[in-house]
Amino acid sequence: MLWFKKQPDKQAAGEAELIEPAELAVALDPQLFLRHLNSLKETAELDAGFETYLESLRAKHKLFNDALKREAIDSLDLERVEVLLEAVFSARRRLYPALAALGEAAVTAAVKALLYGEGRVEQRIAAFVALVPDAPEGDREAAKMAAKTRRAAYDFAAEMLHFNAPDQYPLMTRWVWDQATVSGALREFIRGNDSMTEIPLGTSPEMFEGARQWFAAQVAEQGIYRDVAFWIDLVQAQAYADYFRSMAEGMLSADFGRGGGPEEYIKKFLGIDALRRSGRSRVKHDGA
């Protein structure tokens, strides 16, 4: 089940980390939840079905947990990191060159500190993102690329936390919520969001956990008590897929291609989309 306990002010090393849920600054709407859940049901029926989606998310959890659980983390290498990056659509095209430049030992230490180090989770995420070096002063293009790489590092950190321990950590990727652009799946559960220019949710782990507990309550209302974390991921992905398809794809299609159905977007957001037929990795080694 999901975690519903308060996180202590100071956490001893080795203890299971608990995130205290925050009260959301803007209310989420149960009717919009039902609308997106029904859309998800329609999408699943037209595709491979709910169980296939859930199986894919369970397999992703196993992939991450096999590589990142405490007893395996010291054996993490760049080859396994590439396999994990393959399952994170927003990081697979940008992050590997920066990690490779750090070297295997530094990357292993950074991932271990992110997952099992001291300090609160937002501090550990920030430390992982800070591994991406600054661009040379005055180089605008390099600065732009560094900013994109940091955003990829943030998403990779968020996915490692969630898919290593999906009941412990909410999914905190930018497609779920990005305060900088006031966009993400959470916006699609706010009544009247089309007219809102400001939605002050923030990006704290406590906010994401507060939202997740709200979603868990909505899921329970539907009589669903298994794989709750993954049901929440799927409903959020459906909502963002609906939004994404309503936008001009020419502006947003760099990672997606054109003309995809909602099931394709859902799978890509969650990193459970099909591998290339050639079997080649989609992880970019040159940062292009």
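The values are calculated or read from the model by the stated rules, or taken from the named source; none is laboratory data. In this text the structure is predicted, and so the values were computed from the model without any measurement. Heads up, the Cβs are rebuilt from the backbone with ideal geometry, glycines too, and the neighbour counts pull from every protein chain shown. Calculation scope for accessible area: heavy atoms of the full protein, side chains included, ligands and nucleic acids excluded. Shrake-Rupley method; radii C 1.70, N 1.55, O 1.52, S 1.80 Å.
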- Can you confirm whether segment 26-46 contains a residue that is in a loop (DSSP other than H, G, I, E, B) and at pLDDT below 95? no
Going through segment 163-192 in order, the residues found to be assigned to a helix (DSSP H, G or I) and farther than 20 Å from Gln218 by Cα are Phe163, Asn164
inquiry  = Regarding segment 106-120, can at least one residue be identified that is touching a Pro at 6+ places or on another chain (Cβ under 6 Å) and either of a type in the set (D, E, K, R) or surrounded by 15 or more Cβ atoms within 10 Å (Cβ to Cβ) (or both)?
reply    = no
Of the residues in segment 74-103 that are open to solvent by 30 Å² or more (accessible area, probe 1.4 Å) and basic (Lys, Arg), the one that is farthest from the chain's Cα centre (by Cα) is Arg80
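For segment 101-113, indicate whether the set of residues that are among the basic types (Lys, Arg), touching an Asp or Glu at 6+ places or on another chain (Cβ under 7 Å) and in contact (Cβ under 8 Å) with a residue 12 or more places away in the chain is non-empty. Break it down stepwise before answering.
Our first condition is that a residue be among the basic types (Lys, Arg); within segment 101-113, this holds for 112.
Next, only the ones that are touching an Asp or Glu at 6+ places or on another chain (Cβ under 7 Å) stay: none.
No, segment 101-113 has no match at all.
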Exactly one of Asp155, Asp233 is in contact with a Ser or Thr (Cβ under 7 Å, 6 or more places away or on another chain), open to solvent by less than 20 Å² (accessible area, probe 1.4 Å) and either in contact (Cβ under 8 Å) with a residue 40 or more places away in the chain or farther than 18 Å from Phe89 by Cα (or both), and that one is Asp155
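Restricting to helices (runs of 4 or more DSSP H) lying wholly in segment 218-288: which have 2 or more residues that are of a type in the set (D, E, K, R), at pLDDT below 95 and under 20 Å from Leu32 (Cα atoms)?
228-246
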